[in-house]
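Some notes on the structure that comes next.
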């Protein structure tokens, strides 16, 4: 356990069955003690020295599905090595989950990742965190490392259109692939297009000034619902998110990169862990997709 009193760090840990306390005031020693705390026995650690691992993730359906993919890969890799592995998932609400009305630019670059990374960094709450890498700041929190990437999905954006945008007197709902609207240019003048992304909004306003861009926050299902009800004519979303949710049928058109340039690392799922946790880094290295890891490293540089 680590506690602070003014500028003093107190570390209480177990060694040889007894509790020992250490106090430190210097920056170098504080960093050393944090490393000791991270490497000492965790609650519930097995006699073999292999502790149960906790995966931090957001509570959204998309984040949960991405985390299940990571779990399946880790368990399959452990089975191949004939090694026991115990995993649990810890849903954590981030600033972006708690505030679904403010523009994302007001929440900061770590709105969907900072709380998860903090849980990993404190050594006791979580061992790794699963992120949509397009949400991650270019520079990770000190002491953390991007240890694995899943195979990258299609990074392009898609256009989701309400039925009434193409059918006069339509009965509502999402038009899907059968839509006659195959791009933003096909939408009628004044159509309200929802997005929370400054990148998407800027491109829509520049290339399609006949459209009205309005803020649209929320998870995949809540954004689709606002299209279904006719509140908005259309929205632009990541194809990868729809595919992972099994909702690619909602897309009316896949947008070319000339019409909508994707975000850096869009379509990539990454897993971060502590830099000084060699066991977890080794586990994650075994499931990492090398070419995706190289792509995102270049895009985050």
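Taken together, the values in this text are just the output of simple stated rules run on the coordinates, not laboratory data. Because the structure is a prediction, the values reported are computed rather than measured. Positions of Cβ are backbone-derived with ideal geometry, glycine not excepted, and every protein chain shown enters the neighbour counts.
From the Cα gyration tensor of segment 157-254, with a ≥ b ≥ c the square roots of its eigenvalues, which class applies: rounded if a/c is under 1.5, or else prolate if a/b is larger than b/c, or else oblate? Rounded is the answer for segment 157-254, as its axis ratio a/c remains below 1.5. Each label was represented as a point 7 Å from its Cα along the Cα-to-Cβ direction; for residue 75 and residue 93 these points are 2.8 nm apart. From largest to smallest, the equivalent ellipsoid semi-axes obtained for segment 77-119 from the alpha-carbon gyration tensor read 34, 10, 8 Å. Placing dummy labels 7 Å off each Cα toward the beta-carbon, the span from residue 282 to residue 105 is 4.7 nm. How many angstrom lie between the C-alpha centres of segment 116-167 and segment 271-301? The distance from the Cα centre of segment 116-167 to that of segment 271-301 comes to 13 Å. P(r) for segment 219-301, from all Cα pairs and a bin width of 10 Å, is 14, 34, 29, 17, 6, 0 %, short bins first. Full extension of the chain between residue 205 and residue 182 gives 6.5 nm of extra length, using 0.36 nm per residue less the Cα-Cα distance. DSSP beta bridges confined to segment 157-254 are antiparallel in about 55 percent of cases. By the beta-carbon count within 10 Å of each Cβ, the least crowded to most crowded order of 149, 123, fewest first, is 123, 149.
Figure the gain on full extension for residue 225 and residue 243 (residue separation times 0.36 nm, minus the Cα-Cα span) and round it to one decimal in nm.
4.8 nm
Distance between the 7 Å Cα→Cβ label points at residue 124 and residue 82: 3.8 nm.
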